[in-house]
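Structure first, commentary second.
The values are calculated or read from the model by the stated rules, or taken from the named source; none is laboratory data. Every value quoted in this text rests on a predicted model; they were computed, and no experiment measured them. Because the Cβ atoms are built from the backbone with ideal geometry, glycine has one as well, and the counts that use them run over all protein chains shown. We work out accessible area using only protein heavy atoms, side chains counted, and drop any ligands, DNA or RNA first. Shrake-Rupley method; radii C 1.70, N 1.55, O 1.52, S 1.80 Å.
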Amino acid sequence: MSAICVFCGSRTGLHDTAASAAEELARLLIRRQHRLVYGGGSVGLMGAIADEMLKNSGDVIGVIPESLASVELMHSRVDDMRIVPDMHARKALMHELSDAYIALPGGYGTMEELFEVLSWAQLKIHTRPIALLNLNGLYDGLITTIDNMVEQQFLPSKYRSLLTVCDTIAMLDDWLENCVGVRHEDASTPAGVF
């Protein structure tokens, strides 16, 4: 069983399609016998994906900082909930537990998590696959910015391929089929990175 780390928002957004996509991804992970590793919340897209995993007897690991582990935010039905001291410890543990990353719609936190694992991949700290769900064109501007970084030679073109952009859950399904399955080997982690 591979563990898929899903970064996503603590809000559901303007359109119902985001929550529906999170639920569909949960069913996909269960069908492919993958474990979900996520931020441990009970609200927004985090709550939607966890609820759907639990409803269908999926395997879920939540990782949440002490400061957010109040009754309002921490998912009370996730049996394997890891409470950590801070956000840095959260990301380090999520990385340690995961074989691949998917970013769903979200805000600053989702972007920060996505770009951290992309940076780690660029630095060869890990070789795990990374995908972005560009639902309803939410990330069109971001993708354009990344392509501009390549065009203006701030980002070598070989690193553009570290991020796979998927517009639908069906595309994520194909991505999972092609690049997730075995535990990816990581380079030694430099001191102080996590």
* Please give, to one decimal in nm, the separation of the simple spin-label points placed at residue 87 and residue 167, each 7 Å out from Cα toward the Cβ. => 3.2
* To do: Report in % the part of the accessible area of the chain that belongs to carbon and sulfur, leaving out ligands and nucleic acids; probe 1.4 Å.
  => 52
* To do: Along Cα→Cβ, 7 Å out, is where each label goes; now give me the distance between the ones at residue 20 and residue 116 in nm to one decimal.
  => 3.2
* Accessible surface, the range 75-131, averaged per residue in Å² (probe 1.4 Å) -> 44
* To do: Just flag the trypsin sites (Lys or Arg not before Pro) in the range 97-170 sitting in loop per DSSP whose Cβ has no more than 12 other Cβ atoms within 10 Å.
  => 124
* Efficiency by 1/(1 + (r/R0)^6): what FRET value for residue 68 and residue 150, r their Cβ-Cβ distance, R0 = 41 Å, to the nearest 0.05? -> 0.70
* When the dipole is taken about the Cα centre of the range 78-137, and only Lys, Arg (+1) and Asp, Glu (-1) are charged at their Cβ, what size is it in debye, to the nearest 20? -> 180
* Asked: What is the local net charge at residue 140, summed over the other residues whose Cβ is closer than 11 Å to its Cβ (Lys, Arg +1; Asp, Glu -1)?
  -> -2
* Listed residue (63, 146, 111) projecting farthest to the positive dipole end of the range 38-155, Cβ model -> 63
* To do: Estimate the FRET efficiency between residue 57 and residue 28 by the formula 1/(1 + (r/R0)^6), using the beta-carbon distance for r and 22 Å for R0, to the nearest 0.05.
  => 0.90
* Structure fact -> The alpha-carbon center of the range 119-149 and that of the range 8-63 are separated, in whole Å, by 20
* To do: For the range 15-114, run through the GluC sites (Glu not before Pro) and keep only the ones in DSSP coil with at most 12 other Cβ atoms within 10 Å of their Cβ.
  => 72
* Structure fact -> Reviewing (i) -0.58, -1.18, -1.44; (ii) -0.48, -0.95, -1.24; (iii) -0.46, -1.01, -1.45, the figure for log10 I(q)/I(0) by the Debye sum over Cα atoms at q = 0.11, 0.16, 0.19 Å⁻¹ actually calculated from this model sits under (iii)
* Structure fact -> With DSSP loop assignment and no more than 10 other C-beta atoms within 10 Å, the chymotrypsin sites (Phe, Trp or Tyr not before Pro) in the range 92-185 are 154
